[in-house]
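A short write-up of the structure that comes next.
Just so it is clear, none of the values below were taken in a lab; they were calculated from the coordinates. The structure presented is a predicted model; accordingly, all values stated were derived computationally and were not measured. No Cβ is skipped: glycine too gets one built from the backbone with ideal geometry, and neighbour counts run over all protein chains shown.
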Amino acid sequence: MSVFTTDKKFLARDLPADDLEIVKSDGNFLFDSKGKKYIDFLMGWCVGNIGWGNKEIKKKISRYKGPDYVNPAYLYKSWAELAELLAKITPGKLQKSFRATGGTEAVEIALQAAMSHTKRQKFISIEGSYHGHSIGAMSVGSSDFRSWYKNFLPDCYKIKPPLDKKAVDKLEALLKPGDIAALIMEPIICNLGVEIPTQEFMTRAQALCKKYNTLFIIDEVATGFGRTGKLFASEYFGIEPDIMCLAKGITGGYGGLGATITTEEVAKSMEYEFSFYSTYGWYPLSTEAAIANITYIVKRRKQLEKNTNEIGRYFVERLSNIQFKYPAKIHAKGLAIGVIFKQAGYSIEVATKAQKNGVLFSPLNDKICTLFPALNIDKQTAKKGLDLLELSVTD
């Protein structure tokens, strides 16, 4: 029985898997079971920010000799080290981290912390956004989720892009009654094809949240750890959030781990009466991977940011000059890149042909393709991948 057949029979999925069995990863490349090599412009959807198989990180992980597991109630040195590291590199007064297994759990913790701290039950988010697949995380995601599951809690109001003066005026109207626990959003919204808010929206949003005693939750699960050309995308806007959600690039794919980092004041409201428990949050080996990965990125921060912005501009230039069959708009910040087509279904056609030609990226929906190459990708590899993409739309 083939892997595809076994997968179809025994693995539950929302959609059938692509008939693509990956058996090896190396740098900017993936290899399938038939020996074919692919240029990876997806990197696990913002996971492998520094490429696959980093020798320095893998060496540190291979030397791990700590405990197999640590009870969450006990002390563990590496937990304290990772929490301190996150407090040092995140913006504003973020200080205390809650342990999570990934992005969805990190968002769940953030929502619970906001309700605990404010004693409110309602939220505001950006229409069409994605924050995870638990009930709570879906409630602050796209309204499509709510149409599928009618009895969502908590309540959530939506603001439609573009995120400009009109949108922030609506935000103020929603905040005025004083019953909103938090505004939650990505600072640059990858799940909308790299939607970039205006500075006015972000500046006023932060001021309005403070005015109405509403928390500002910044979801950097996808944008964190250099993806947009800064360590955190919120740095572009000078945002100092009350809560930040982290995952994906936090370990670079070398372990499953997420974090919800809050101000000391917010964390205090979660003590005793409203706490959060995660059995596998910050699994010891994953914690080692996170520390090694973050240390690597911070040490080379300027170099990675320079490459991300330079190669990002190269991607925009090349993509803007490709003769797609239908009109396309390019949205990009660093190496978070969205290609938005007017014609429904075309994004899937492009991604499917590109995969056959040996380059991988994501058809986010039937009109949007997203590309998230490694932040340290070299120009030669970027050119080769873009050449293959161009070939895919012209052959």
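Summary of values
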read-out: Gyration tensor (alpha-carbon) shape descriptor, the chain, a/c threshold 1.5; value: oblate
read-out: Fewest-first ranking of Trp282, Trp79, Trp52, using other Cβ atoms within 10 Å as the exposure measure; value: Trp79, Trp52, Trp282
read-out: Amide hydrogen neighbours beyond the local backbone of Val359, cut-off 5 Å, H modeled; value: Ile39
read-out: Listed residues Ala336, Ala354, Ala344, most fluctuating in the chain (Gaussian network, C-alpha, under 10 Å); value: Ala344
read-out: Cβ-based net charge around Phe123, under 11 Å, with every Lys or Arg adding one and every Asp or Glu removing one; value: +1
read-out: Residue-count net charge about Gly35 - beta-carbon cut-off 13 Å; Lys, Arg +1, Asp, Glu -1; value: +2
read-out: Gaussian network model of the chain, springs between alpha carbon atoms under 10 Å - residue of Thr118, Thr370, Thr260 with greatest fluctuation; value: Thr118
read-out: Dipole of the chain [Lys/Arg +1, Asp/Glu -1 at C-beta], most positive-end residue of Ile89, Ala222, Ser278; value: Ile89
read-out: Highest-MSF residue in the chain out of Asp164, Asp19, Asp242 [GNM, Cα springs under 10 Å]; value: Asp19
read-out: Global form of the range 209-292, assessed from the alpha-carbon gyration tensor, a/c cut-off 1.5; value: oblate
read-out: Environment charge of Val194, counting only residues whose C-beta is closer than 12 Å and scoring Lys/Arg +1, Asp/Glu -1; value: +1
read-out: Trypsin sites (Lys or Arg not before Pro) lying in DSSP loop within the range 246-328, provided at most 12 other Cβ fall within 10 Å; value: Lys325
read-out: Global geometry of the range 140-203, whether rounded, prolate or oblate, following the gyration tensor of its Cα atoms and the 1.5 cut on a/c; value: oblate
read-out: Farthest toward positive dipole pole in the range 60-299 [+1 Lys/Arg, -1 Asp/Glu at C-beta], among Ser147, Gln199, Ala110; value: Gln199
read-out: Charge dipole magnitude, Cβ of K and R +1, D and E -1 - the chain, Cα centre, debye nearest 20; value: 640
read-out: Residue exposure sequence - Ile188, Ile322 - by fewest surrounding Cβ within 10 Å; value: Ile322, Ile188
read-out: For Gln121, residues with placed amide H under 5 Å, excluding near neighbours; value: Ala181
read-out: Euclidean distance between Cα centres, the range 1-79 to the range 101-146, Å; value: 26
